[in-house]
Amino acid sequence: MTLPISSSVVNHSVDRATFEDLYAGPAPWDIDKPQGTFVAMIADRVTGPVLDAGCGTGEHALFFAARGLRVTGIDFVEEALRRARAKAAGRGLAVEFLVKDATALGDWGERFASAIDCGLFHCFSDDDRRRYVRGLARVVAPGGRLFLMCFSDEEPGAEGPRRVSRQELYDAFADGWEVESVQPARFEVNPEFTEVTFSEGGPKAWFAVVRRNG
Ligand SMILES: C[S@@+](CC[C@H](N)C(=O)[O-])C[C@H]1O[C@@H](n2cnc3c(N)ncnc32)[C@H](O)[C@@H]1O
């Protein structure tokens, strides 16, 4: 399975069928633990209730649930959620995992104090970014925070996820949000995934903390 060729040039969202194919093999992001950046940088800053948008097989949702927070994970791939629910049952953790399109959150009646996005934002076209951010603005409570990690434009090459610039993050959250910080970070990648070679030390990423105004 070839990862979609990305980039600033190809402005489209990665569709559900592509993710279903990726989950049939060693999904590159699926490392059976939360990304170290989330653990190191924000473990103590995340308050509940928590939304994990594009939760995949649930490691970030489960990490925060294990810290005693109420967590809801959403994803549009059933198989990912099936695995997430199995992990939750195996670890004795209660997390709500829901099939939901993250670009259509606007009419969802839920409110969250924190939202996590690990590897979702960089899946979207420009239009879907706008839909996603508009929906998030409805479900993240005023004063709540989004913690977001995405591929950086400093990662060389064009294979893999779409690269995102620091400025694009500021632009995406210009209305109704305050970007509190954007720091360089690295993604950890599933060692079984060998189809694409990223930077030594892991693909370069941005880690952003964004506060919902209000
Ligand atoms: C790069 S993976 C990251 C998964 C997980 N956050 C992690 O860190 O392991 C992106 C996830 O977003 C999901 N996704 C992509 N577009 C989506 C959408 N429009 N709505 C809901 N989930 C989506 C994919 O199915 C996939 O599980």
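No value in this document is a laboratory result; all are computed from the given coordinates. This structure is a prediction, so every number in the text was calculated from the model and none was measured. Note that each Cβ is placed from the backbone with ideal geometry, even for glycine, and that neighbours are counted across all protein chains shown.
Summary of computed values
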{"read-out": "Most mobile listed residue (ALA27, ALA115, ALA43) in the chain, GNM with C-alpha springs under 10 Å", "value": "ALA43"}
{"read-out": "Simple label model, 7 Å out from Cα along Cβ direction - THR197 to GLN183, nm", "value": "3.1 nm"}
{"read-out": "Calculated over the chain: convex hull of Cα atoms, volume per residue (Å³)", "value": "109 Å³"}
{"read-out": "The chain: most fluctuating residue of GLY54, GLY92, GLY135 per GNM, C-alpha cutoff 10 Å", "value": "GLY92"}
{"read-out": "Qualifying lysines (Cα of each under 24 Å from Cα of LYS100; at least 8 residues distant if same chain)", "value": "LYS33, LYS87"}
{"read-out": "Order of ASP44, ASP117, ASP127 - criterion: other Cβ atoms within 10 Å of each residue's Cβ, fewest first", "value": "ASP44, ASP127, ASP117"}
{"read-out": "Ranked list, fewest to most other Cβ atoms within 10 Å of each Cβ, for LYS87, LYS100, LYS33", "value": "LYS33, LYS87, LYS100"}
{"read-out": "Helical contribution to [θ] at 222 nm, DSSP H n ≥ 4, -39,500 (n - 2.57), averaged over the chain, rounded to 500", "value": "-8000 deg cm²/dmol"}
{"read-out": "Residues TYR23, TYR132, TYR170 arranged by fewest to most Cβ contacts within 10 Å", "value": "TYR170, TYR23, TYR132"}
{"read-out": "Region 129-183 and region 8-77: distance between their alpha carbon centers, rounded to Å", "value": "15 Å"}
